[in-house]
Amino acid sequence: MKIKNYKGTFSYLCDIGKIRNSNEDRVKGIVNSYNNVLLVVADGMGGHKKGEFASTEVVEFLKKEFKKKNRFASFFDAHFWLCSTVKKINKNIFNYQDNNEEYRGMGSTICVALIYKRRLLVLNAGDSRCYILKNGKLEQITEDQTYVRYLLNSGQINEKEALTHPKRHYLTNAIGLFPTFSYDLNVYEYHGESLFLCSDGLYNNVSFQDIEANLKSENSVDEKVNALVNLANFNGGNDNISCILWESLNDQN
């Protein structure tokens, strides 16, 4: 029998870390009555008050619009909803700073995963990430929009150099900075795989191998998320840490 909607469980955490005085990360997971799943991570930028405002606007506006929408008539409806909603968020953030000088220069990363039946839509801008655990292997399915990623893609530096590059935290894109918004949007066939979204405060302090081993363990989603945030803090906690893990309860076939 073909599975049309996936049921599952998720857990998320947003931690201030060990160094920062405020938390500019925001994270949320929502499942509607039709078992469509929305997962989002946002990492604010521009300073304490500005970063918190931008990331909160991203998450809360998506949450409000997702609840208001309730159901999608088709995949194309889901696709259109996601694109139009993030454009509205960009306009909201940009217009707010345009009218409030103390908020100038704010923005946020955005990473969204939307599960609609057997389709997975992943939208991102900035360096928050989405991973998928497929056939026992973890794979990063978003590409960081950073200056260092540009240097890597153009062959100017190698992976080892990227790890310690002085400009590795420089973003080349974010939501809310300009009146128009560009983003990456990819669509995948979905068969019940686990999804993991996180901010750079997690993956910069926890190795890919440790993330993969944790997600493949027999622990509950709450235990896995807690363990990863604790490990990020143990390894330095030099940034805010946010992550969300979704695991389907349906067979992956």
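Quickly work out the Lys7-to-Gln140 label distance, labels modelled 7 Å from Cα along the C-beta direction, and quote it in nm with one decimal. Using points 7 Å along Cα→Cβ, the separation is 3.6 nm.
For each pair in Lys28/Lys69; Lys68/Lys137; Lys64/Lys224; Lys67/Lys91, compute the distance between the two Cα atoms and list the pairs where it is over 25 Å. With Cα atoms farther than 25 Å apart: Lys68/Lys137; Lys64/Lys224.
How do Trp246, Trp81 line up, fewest other C-beta atoms within 10 Å first? Can you show the working numbers first?
Details: Trp246 23, Trp81 18.
With the fewest neighbours first, Trp246, Trp81 line up as Trp81, Trp246.
If you stretched the chain out fully between Ala73 and Lys91, how much longer would it get, using 0.36 nm times the residue separation minus the C-alpha to C-alpha distance?
Details: separation 18, 0.36 × 18 = 6.48 nm, distance 2.57 nm.
Taking 0.36 nm per residue and subtracting the Cα distance, the gain is 3.9 nm.
Could you grab the relative contact order for the stretch 126-253? Cα pairs under 8 Å, six or more apart, rounded to a whole percent.
Numbers: 169 pairs, mean separation 36.3, N = 128.
Reported as a whole number, the value is 28 percent.
Remark: the stretch 187-196, residue by residue, has Karplus-estimated 3J(HN,Hα) of 10, 10, 5, 10, 10, x, 5, 6, 10, 9 Hz, where x stands for each Gly or Pro and the curve is 6.51 cos²θ - 1.76 cosθ + 1.60 at θ = phi - 60°.
List the relative contact order of the chain as a percent without decimals, with contacts defined as Cα pairs under 8 Å and 6+ residues apart.
Working: 551 pairs, mean separation 72.0, N = 253.
Relative contact order comes out at 28 percent.
If eta is 0.890 mPa s and T is 25 °C, what Stokes-Einstein diffusion coefficient results for the chain, Kirkwood Rh from Cα pairs, in µm²/s? If you can, show how the numbers build up before the last one.
Numbers: Rh = 18.4 Å.
My calculation gives 133 µm²/s for D.
Taking only complete DSSP H runs, can you tell me which helices of the chain stretch 27 Å or more along their own long axis by Cα positions and average at least -0.5 on the Kyte-Doolittle scale? Taking the DSSP H segments of the chain (at least 27 Å long, mean hydropathy at least -0.5), we get 75-99. The helix-based estimate of mean residue ellipticity at 222 nm for the chain, built from -39,500 (n - 2.57) per DSSP H run of four or more residues and divided by its residue count, is -10500 deg cm²/dmol to the nearest 500. Each semi-axis of the equivalent ellipsoid for the stretch 122-172 is √(5λ) with λ an eigenvalue of the Cα gyration tensor; in descending order they amount to 22, 14, 9 Å.
Using a basic spin-label model with each label point 7 Å from the Cα along Cα→Cβ, how many nm lie between Asn32 and Phe61? According to this spin-label approximation, the distance is 1.8 nm.
Taken together, the values in this text are just the output of simple stated rules run on the coordinates, not laboratory data. None of the values given here were measured: they were computed from a predicted structure. Please note: Cβ atoms are built from the backbone with ideal geometry, for glycine as well, and neighbour counts cover all protein chains shown.
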